[in-house]
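The values are calculated or read from the model by the stated rules, or taken from the named source; none is laboratory data. Remember, it's a predicted structure, so these values are computed and weren't measured experimentally. A quick note on method: Cβ atoms are made from the backbone with ideal geometry, for glycine too, and the neighbour counts reach across all protein chains shown.
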Amino acid sequence: MHCYLADPAIKNVAVLDMTHGGAIIARKLKELEFNVTGVDVYGTLSSDQCNALEANGIQVVEKNCIVEGFDLIVSPVHLYPYHIMLQQVKEKHIPLISHHRAVGEILSFTDTGDYPLIIEVTGTKAKTSTASLLADMISRELTVVLHTSRGLELWEDSVCQLIHKGLSIAPGSILQAMDIAGSLGKKIEAYIFEISLGVTGCGNLGVITTLDMDYMIAGKTSNASEAKIKSLLSYPEDALIVLNSNCRKALEKLNRPLASKHIRTFGIRDESEGATPDIDYCLGMQNDNFSIACREEEIEVYLADGYDARSYITAFAASCVAALEVGVPCETVREVIQQFRGLQGRMQEMVAENIRIMDNSNSGMDIVSVEKALDMCLKRKPRVIMVLGEEAAQVCEGLPPEDVADLLGRRLVEMDELILVGERMKPLATGNIRYVENFDIGKTCAMELARKKGPSEIIIALCVKCFR
């Protein structure tokens, strides 16, 4: 595939969207001695941020500018396609690449050092859990840096150390994550990146966890799944791709044969079904057992208590397949899954101050998982205190208030108490429904109510869409 940044004719580059990782990309391009203009298409940069970019030699313009004079335009896949600059790009036939591809080209064009293993994980659901499980598996043999919505982590011998927080999972953050990891003074042998809306093509292995529950992007003109599948074309021919079998039809649109020796598919079967012959790995869960069927071999895993294991089945599947494909021993894969107790905020059960809590507050939470958490809580205790909402300032795709209103219309009577979180939820706080500003206040309020009502019959459901 043509590398635009290696083309000597490319000198003047415009980077659109400084908010979602674009500023990082612009700075890296400037370091590579390109003439860079940053376009703040959403008008969200502060004057201090603009001054900092301009101090680095990057001109900043708001909203748009004339495309004449640019040799390359870098734009995020989520930008509305009828933005005036994107329309001019088509008319003037100026090369256009995504933020994802720009990051991949920057890393391939520069000396990134000796990184024997780089894994990128994308999909609509289970990205963070998949990447975290995979880091645990690989760290038994290699030193791993993991970047997810949980933060930037160093994994060694199955022990995790948080080294930085505050990076998004936009593709541009990969560049900053590598810089931070490079300053640790350690030999990093593997990188694992959770990325929104696709892969960059810089890795040895790309994983798509699932395309279920697709959503619209780019001003509701295209599906997120299309961007994720299309991004796979940035990989070289010899890169390995691990796909959920629900990606089949989308992949076929790109004329990329599933029979390729560099593509591995996995499917999750129902308890009553057997292995599917046209899937490389078939996975299933029955009671407390998780199994992986691959060719002539089947791995049986006994799952621990204390969390909703079934909600992790996609993460189990994707991480196990990816680990096996990069040579992690079967016994290590089995050991990690058996020792797993859930991730914070992802259907994790716990007890605090003798109060039972179902923690489902995370950046990927949606209304379906909220209802699932409520169902699980009602099986455990007769009375549920629900903390529900969003910290919208932290999460790009919030929890739609109309979805919350629909849930309340159907199931509010099953909640002993409801505490809503986030500015957009305030209009729904009528009658006996309480309202608070953020997750921490909501959790504190729920704990106080539980103590007053008597912990023996109460369970708290924490369902706030936020970064943890």
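General observations
- Every condition in (1) closer than 30 Å to residue 343 by Cβ; (2) crowded, with 19+ Cβ neighbours inside 10 Å holds for residue 159 except the one numbered (2).
- Filter result (in a loop (DSSP other than H, G, I, E, B) and of a type in the set (Asp, Glu)) within segment 177-229: 189, 212, 214
- Scan of segment 1-18 for residues that are closer than 29 Å to residue 238 by Cβ, in a loop (DSSP other than H, G, I, E, B) and over 28 Å from the mean Cα position of the chain (by Cα), ordered by number: 7, 8, 9, 10
- Counted residues, segment 356-374 - those being assigned to a helix (DSSP H, G or I), touching a strand residue (DSSP E or B) at 6+ places or on another chain (Cβ under 8 Å) and either hydroxyl-bearing (Ser, Thr, Tyr) or at pLDDT below 90 (or both): 1
- Any hit, segment 326-340, residues being out of contact with any Asp or Glu (no Cβ under 9 Å at 6 or more places or on another chain), closer than 25 Å to residue 196 by Cβ and modelled with pLDDT of 90 or more: yes
- One residue stands out in segment 322-338 among those that are in contact with a Leu (Cβ under 8 Å, 6 or more places away or on another chain) and closer than 25 Å to residue 211 by Cβ: the one that is surrounded by the fewest Cβ atoms within 10 Å (Cβ to Cβ), namely 325.
- Among residues of segment 324-343 that are within 20 Å of residue 280 (Cβ to Cβ), those with a beta-carbon under 6 Å from a residue that is assigned to a loop (DSSP other than H, G, I, E, B) at least six positions away or on a different chain give the pairs 332/140.
- Strands (runs of 3 or more DSSP E) fully within segment 66-167 counting 3 or more residues that are among the β-branched types (Val, Ile, Thr) and assigned by TED's automatic domain parsing to the domain that holds residue 313: 117-122, 144-148
- Candidate set from segment 339-355 (those that are surrounded by fewer than 18 Cβ atoms within 10 Å (Cβ to Cβ) and either among the basic types (Lys, Arg) or in contact with a strand residue (DSSP E or B) (Cβ under 6 Å, 6 or more places away or on another chain) (or both)); member that is farthest from residue 214 (Cα to Cα): 350
- Within segment 294-321, restricting attention to residues that are assigned to a helix (DSSP H, G or I) and aliphatic (A, V, I, L, M), the residue that is surrounded by the fewest Cβ atoms within 10 Å (Cβ to Cβ) is 313.
- Verdict on residue 134 being without any contact (Cβ under 8 Å) to a residue 60 or more places away in the chain, buried (at least 17 other Cβ atoms within 10 Å of the Cβ) and not hydroxyl-bearing (Ser, Thr, Tyr): no
- Of all residues in segment 56-65 being assigned to a loop (DSSP other than H, G, I, E, B) and within 31 Å of the chain's Cα centre (by Cα), the one that is surrounded by the most Cβ atoms within 10 Å (Cβ to Cβ): 58
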